[in-house]
Ligand SMILES: Cc1cc2nc3c(=O)[nH]c(=O)nc-3n(C[C@H](O)[C@H](O)[C@H](O)COP(=O)(O)O)c2cc1C
C-alpha cells in the first residue's frame, strides 16, 4: 500500500572528519527535503554516534533510507526498527539535532 505509514530507526557512526558545522548544513537540507516528503522524525547525535528515526509514507521513507545508507559521511548503518505504524510519534520534534537521552526518555514515556 503506497500510503502505508512506517517508522524506521537506525544507528550509525559519523566519519571522524565530520564536524558540527557539516552537520548544521546537513540537518537544514534534511529538514527541508523531509518536509516535501511528509517525513518527520528525530536525529539524535552524541559525539560521533547517530540515532535517527524517520516516520512517513513507506515509499518515501524507503527511498530516503537508501540514500542515507549510501552516504559516505557515516558508516555502520544498522537498522533497529522498520515497521508499519498507526500514527507518527515524533512529528513535534522536527529534524533537528537532539540529545540521545531526551529521545529515549520521550520514547519511554509517551
Ligand atoms: C546521519 C545522516 C542523516 C541524514 N538524514 C537525512 C534526512 O533525514 N533527510 C535527507 O533528505 N537527507 C538526510 N541525509 C542526507 C542523505 O544521506 C543524502 O545526502 C540526501 O538524501 C541527498 O541524497 P542524494 O545526493 O542521493 O540525492 C542524512 C545524512 C546523514 C549522514
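Computed from the coordinates by the stated procedures, all read-outs in this text should not be read as laboratory data. This structure is a prediction, so every number in the text was calculated from the model and none was measured. Please note: Cβ atoms are built from the backbone with ideal geometry, for glycine as well, and neighbour counts cover all protein chains shown.
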**Q.** Degrees between helix 100-109 axis and first principal axis of the chain (Cα, 0 to 90, nearest 10)
**A.** 20
Q. Order of 88, 24 from fewest to most other C-beta atoms within 10 Å?
A. 24, 88
Q: Could you give me the radius of gyration and the Dmax of the chain, taking only the C-alpha atoms into account and expressing both in angstrom?
A: 13.2, 40
Q) Over the chain, what is the mean sequence separation of C-alpha contacts under 8 Å (at least six apart), divided by residue count, expressed as relative contact order in percent? A) 44
Q) Which order do peptides 55-65, 73-83 fall in by mean Cβ count within 10 Å, highest first? A) 55-65, 73-83
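Report the antiparallel proportion of the DSSP beta bridges in segment 5-109 as a percent, rounded to a multiple of 5. Walk me through the intermediate numbers first.
Working: 24 of 26 bridges.
In segment 5-109, DSSP labels about 90 percent of beta bridges as antiparallel.
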Q | Pairwise centroid distance, computed over Cα atoms, of segment 1-42 with segment 46-89, Å | A | 7
